[in-house]
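The values are calculated or read from the model by the stated rules, or taken from the named source; none is laboratory data. Note that this is a predicted model, so its numbers are computed, not measured. As a convention, Cβ positions derive from the backbone with ideal geometry for all residues, glycine included, and neighbour counts pool all protein chains shown. Remember, those area values only see protein heavy atoms, side chains included, never the ligands or the DNA or RNA. Shrake-Rupley method; radii C 1.70, N 1.55, O 1.52, S 1.80 Å.
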2 protein chains.
Amino acid sequence: MTARTSTDNARDIPEATVARLPVYLRALVGLAEAGTATCSSEELAAAAGVNSAKLRKDLSHLGSYGTRGVGYDVEYLRYQIAREIGVTQDWPVVIVGIGNLGHALANYSGFRSRGFRVVALLDADPERHDELVAGIDVRPFDDLEEIVEDQGVAIGVIATPAIAAQDVADRMVAAGVTSILNFAPTVLSVPDGVDVRKVDLSIELQILAYHVQRKAGGTVADDFDRLHDEEVTA
Amino acid sequence: MTARTSTDNARDIPEATVARLPVYLRALVGLAEAGTATCSSEELAAAAGVNSAKLRKDLSHLGSYGTRGVGYDVEYLRYQIAREIGVTQDWPVVIVGIGNLGHALANYSGFRSRGFRVVALLDADPERHDELVAGIDVRPFDDLEEIVEDQGVAIGVIATPAIAAQDVADRMVAAGVTSILNFAPTVLSVPDGVDVRKVDLSIELQILAYHVQRKAGGTVADDFDRLHDEEVTA
DNA sequence: CTTTGTGAAACACTTCACAGCA
DNA sequence: TGCTGTGAAGTGTTTCACAAAG
């Protein structure tokens, strides 16, 4: 459909692999900073918290970047993964909703160092406008379209209350945003072709709660009592 | 192994199902608030953002809580899922690392309403001690063991810089915490039997970046130019 | 007639185990 | 010899499609 400019290897990487590439990238950056020039799949897998068979299978989807009997060149593999993900250049990002969480996101230094640049902070509340957060001033939500257009923004972050999130998503999509990271605890509906990833604190906690309950095998009160009788035995 | 107090149906619920139960729970709360007494799998699935076959299969792991030809009683199903997850009572939670993100987490109201109670905010930096955040005062990290013991804390949240996260995790585990929600961008190593869930902003953004790049089929500059020629066609 | 609950089929992902290359 | 890259086997998840139940 679209003419592809880049070399056409590595089509259709499995979603599970895509989700791990950033983890490998971070592990490689760590190894590089520690002065490691070369690493085996075993070493890299350990640094990334996966097993080596999975790592090798994942990397095999990108191409053949290792050397048998030796391992992987850290810098080279790092570049290849960054290129595959698309973080060799910066992506402009807008954050909408500058409450507590929006503040935290705006101040998060991992953005800059990992291929993202916050180009605007937007909030519907006039009380917050012109406030400086992380050196960026908060602008009215209605500036969204202009900013997306001018800066070529493809990625938007929603950190508003749940009630506002769908409206924000609709406006983002209409403006040209094709990928959304949603922190609001609500299901967004978006047209086909738009990607949404959701980060939901209380859902993560509830998943943990389920496992705690299972491990304990009984009620919370039981669990509390039992934990205090003796040490946890693995 | 452990004598079970509750009725022994619904063993070994698949992990993928467990991860969706909180989503169903939230959807049911929404329906209940809207005054809906009964819903079909189709309606609930729509509210939760999944398809109805998946929803029914998921629910079938908990038991048989629907009525053929009718659907599900919203309140009843809500209770059953809450019980299965273990959020019919409150779980005490400690948050370690009260920077920007820790502030946001401490102020997150979704905690209380969804079965969690923040019993302590801890930070290693004495500058932050006794500061009041969300009505809770920040205490020294060294109080961790005492708090975990006294309050029967099983779930800990790590919102520290990456460098400190492994130490915090080790101390938590030693103190008796069995489940950790980690916001620090690092791989934690913990003993078997301890659950870790990771929330990593820049990883989520990188996954989105990969898909944006794929959709665009070329470089960022190409993409920017193309988006401005015509509207996005699904 | 409607809608659930579920075997069976299809698909996706992980792990195994080793051929092949340096 | 040592380690990667990968078919094949194993495991988990989703979807299909329909029998059973109200």
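Across peptide A:191-201, how many C-beta atoms of other chains are within 10 Å of each residue C-beta, on average?
5
Give me the percent relative contact order of region A:15-85, please, defined on Cα pairs under 8 angstrom at least 6 residues apart.
Answer for region A:15-85 is 42 percent.
Normalised by the number of residues in chain B, what is the relative contact order in percent for Cα pairs under 8 Å and 6+ residues apart?
RCO, chain B: 12 percent.
What shape does the protein assembly as shown take by its C-alpha gyration tensor, where a ≥ b ≥ c are the square roots of the eigenvalues and a/c under 1.5 counts as rounded, a/b above b/c as prolate, and the rest as oblate?
rounded
Once you average over the residues of A:153-160, how many Cβ atoms of partner chains fall within 10 Å of each Cβ?
3
Which part of region A:28-44 falls in the paramagnetic zone of residue A:70, meaning amide N under 12 Å from the point 7 Å along Cα-to-beta-carbon?
A:38-39
Which net charge results for the neighbourhood of residue B:16, defined as the other residues with beta-carbon distances under 13 angstrom from its beta-carbon, given Lys and Arg at +1 and Asp and Glu at -1?
Every neighbour counted, the sum reads 0.
Starting from the 7 Å offset along Cα-to-Cβ, what nm value, one decimal, do you get for the label separation of residue B:162 and residue B:149?
About 3.5 nm, to one decimal.
What residue of chain A has the nearest C-beta to the axis that moves A onto B, and what is that distance in Å, given as a whole number?
Residue with the nearest Cβ, plus whole-Å distance, for chain A: A:104, 2.
Could you tell me whether region A:70-215 comes out rounded, prolate or oblate from its Cα gyration tensor? Rule is a ≥ b ≥ c as square roots of the eigenvalues, rounded for a/c under 1.5, then prolate if a/b exceeds b/c, otherwise oblate.
Oblate is the answer for region A:70-215, as a/c is 1.5 or above yet b/c matches or exceeds a/b.
Per residue, how large is the accessible surface of the protein assembly as shown? Use a 1.4 angstrom probe and give square angstrom.
Value returned for the protein assembly as shown: 47 Å² of accessible area per residue.
Do you know the relative contact order of region A:6-127, to the nearest whole percent, from alpha carbon pairs under 8 angstrom that are 6+ apart?
23
Can you list the residues, at least 5 places off or on another chain, whose amide H is less than 5 Å from the amide H of residue A:196, using H built in the peptide plane?
Hits under the 5 Å cutoff: A:180.
Towards the positive end of the charge dipole of region A:143-213, with charges on Cβ (+1 Lys, Arg; -1 Asp, Glu), say which of A:187, A:205, A:169 has the farthest Cα.
A:205
So, counting K/R as plus one and D/E as minus one, what does the shell of residues with Cβ under 12 Å around residue B:98 add up to?
-4
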